[in-house]
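The values are calculated or read from the model by the stated rules, or taken from the named source; none is laboratory data. Computed from a predicted structure; not experimentally measured. Don't worry about glycine lacking a Cβ; one is built from the backbone with ideal geometry, like all the others, and counts go over all protein chains shown.
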Amino acid sequence: MDQESRLLFVNKVFSPSSPIKKQDFFSGRRSQLEKVCDVVNEDGQHAIIFGERGVGKTSLANILTELLTNIYPIKITCNKNDDFCSLWLQAFSKIQFSTTVEGFGFKPEAKKKVINLANVLNQKSLYFNNDIINHLNSLNDKFLFIFDEFDNVEDVKIKSDFADLIKAFSDNSTNTTVVIVGIADDVNELIGNHQSLERCMKQIKMPRMSESESEEIIVKGLQKLEISINESTKKQIIGFASGFPHYIHLLCKYGAQEIIENNKQEFNKAYLDIAIRKGIENTNEQLKAAFRMATINNSTSEKWLNILYACAMSPIDKYNCIEKSKIVDYYNRLTMKNVKGDSISYNLKQLCTSERGEVLQKIGKGLNSRYRFTNPMMRAFVKLKINSN
Ligand SMILES: Nc1ncnc2c1ncn2[C@@H]1O[C@H](COP(=O)(O)OP(=O)(O)O)[C@@H](O)[C@H]1O
Ligand SMILES: [Mg+2]
């Protein structure tokens, strides 16, 4: 491959801003894929895939539609203004089937006619759910409906309509699987609390990526570009990414570009430094804006910046929360001071307000209170910032 085509190929291999669409570029997530496949193969089972923003839910949904070949996959991205009917009409509009219709005249010729399923669905029907099920049951195919970004559905009525229909599918249909995908800490947040779904809906959590999954993205991607990487640089990239594949793609993309432009073969520390600098410039605008707001200074002190750095460096618990005492420890280490918790209380409180980009959230009260980054990807971004200086 010449230099120009390698540079173009980098954008295919590393795509920090778009979900994976092809299996060849997809890494890890085997247990989640297996779980969904089990669900599809079991009559009456459906699934709900939930997790933080940016962990790879849409990518997984895309790969599912590629992976499952014995099924008719339909993927819908939910929008804020969609309602129950509009979502199912959109889904049905993606199903076409052909049927034979009798011709007219003395020697009628049978003709094949392509029918779009959305045209046979009557929105005003009193039996909308039954109609959906009956139409699908009348076809020979197996169907997989994936509703991505379901967190955009806020109306509880729409959620409960979905829950009712899924339950009805489970009782009356053997050829249809529904998979709901969205950002949430738990299932109830995404679809509401419906006991009827307990047995028929499998909960599949998408966690942040493990180190080995992150490593797979780096190794597989760089191999395609014929670039090698040493262990320590690889480990550093994995560390920065903190389980968010976006950052793996971001750092590898800018590192690889630079390496190819310089006709080199090895991804080492020097290229990682360049990648961090370029990665920061090219990451999500919202994150950059929130970071700017959080760290704006009106004096010469860099207190805001140091507090944010201390938050990013402090260890997190399994709920991604940070103890205040740890923030104080790290703040003192960074600034070589010896302040007490009280002296940064005001700043931590401010960082939870919109004036300071709402970068933090306070969880709990009193002695048990902890802090958490509002956008979980901010922690990785701040870590990159620390290392770009
Ligand atoms: N399994 C995977 N293998 C490689 N890259 C991935 C994988 N999952 C996600 N990514 C990358 O991570 C980023 C976020 O993925 P996305 O699927 O959009 O997350 P979500 O839908 O959870 O917000 C994208 O750049 C995508 O290419
Ligand atoms: Mg998504």
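From Gln123, Gln90, which residue is at negative phi and at pLDDT below 90? Even if it seems obvious, please write down each step before you answer.
Details: Gln90 fails: at pLDDT below 90.
On inspection, the qualifying residue turns out to be Gln123.
Would you confirm whether any residue within the stretch 311-333 is in contact (Cβ under 8 Å) with a residue 24 or more places away in the chain, small (Gly, Ala, Ser) and closer than 29 Å to Arg6 by Cβ? Break it down into steps so the answer makes sense when it comes.
Taking the stretch 311-333 as the starting set, the residues that turn out to be in contact (Cβ under 8 Å) with a residue 24 or more places away in the chain are 311-313, 316-317, 319-324, 327, 331.
Filter again for small (Gly, Ala, Ser), leaving 312.
Narrowing the set further to residues that are closer than 29 Å to Arg6 by Cβ leaves none.
No, the stretch 311-333 contains no residue that is in contact (Cβ under 8 Å) with a residue 24 or more places away in the chain, small (Gly, Ala, Ser) and closer than 29 Å to Arg6 by Cβ.
Quickly run through the stretch 354-389 and pick out the residues that are part of a loop (DSSP other than H, G, I, E, B) and acidic (Asp, Glu).
Glu358
Among Asp151, Asp131, which is the only one that is out of contact with any His (no Cβ under 8 Å at 6 or more places or on another chain) and either within 16 Å of ligand 2 (Cβ to nearest atom) or part of a strand (DSSP E or B) (or both)?
Every option except Asp151 fails the conditions.
Find all pairs meeting these conditions: Cβ atoms under 9 angstrom apart; at least six residues apart or on different chains; first residue within the stretch 139-167 and closer than 22 Å to Asn62 by Cβ and within 16 Å of ligand 1 (Cβ to nearest atom); second residue at pLDDT below 95 and of a type in the set (Ser, Thr, Tyr).
Final answer for the pair search is Ile146/Thr65.
Could you check, for the stretch 242-263, whether at least one of its residues is free of Cβ contacts under 8 Å to residues at least 12 places away in the same chain, surrounded by fewer than 18 Cβ atoms within 10 Å (Cβ to Cβ), more than 29 Å from Thr374 (Cα to Cα) and of a type outside the set (Ser, Thr, Tyr)? Show your work before the answer.
So in the stretch 242-263, the residues free of Cβ contacts under 8 Å to residues at least 12 places away in the same chain come out as 262.
Next, from what is left, pick out any that are surrounded by fewer than 18 Cβ atoms within 10 Å (Cβ to Cβ): 262.
With more than 29 Å from Thr374 (Cα to Cα) added as a condition, the list becomes 262.
If we keep only those that are of a type outside the set (Ser, Thr, Tyr) too, we end up with 262.
So far as the stretch 242-263 goes, yes, one or more of its residues are free of Cβ contacts under 8 Å to residues at least 12 places away in the same chain, surrounded by fewer than 18 Cβ atoms within 10 Å (Cβ to Cβ), more than 29 Å from Thr374 (Cα to Cα) and of a type outside the set (Ser, Thr, Tyr).
Please verify whether Glu102 is touching a Pro at 6+ places or on another chain (Cβ under 8 Å) and modelled with pLDDT under 90, treating the condition exactly as stated.
yes
Kindly establish whether Gly54 is at pLDDT below 95, more than 22 Å from Ile132 (Cβ to Cβ) and over 18 Å from the mean Cα position of the chain (by Cα).
no
Might you let me know whether the stretch 5-27 holds any residue that is within 16 Å of ligand 2 (Cβ to nearest atom), modelled with pLDDT of 95 or more, small (Gly, Ala, Ser) and surrounded by 19 or more Cβ atoms within 10 Å (Cβ to Cβ)?
yes
For the stretch 75-112, how many residues are of a type outside the set (Gly, Ala, Ser) and either touching a residue at least 60 places away in the same chain (Cβ under 8 Å) or within 24 Å of Leu144 (Cα to Cα) (or both)?
Number satisfying all stated conditions: 21.
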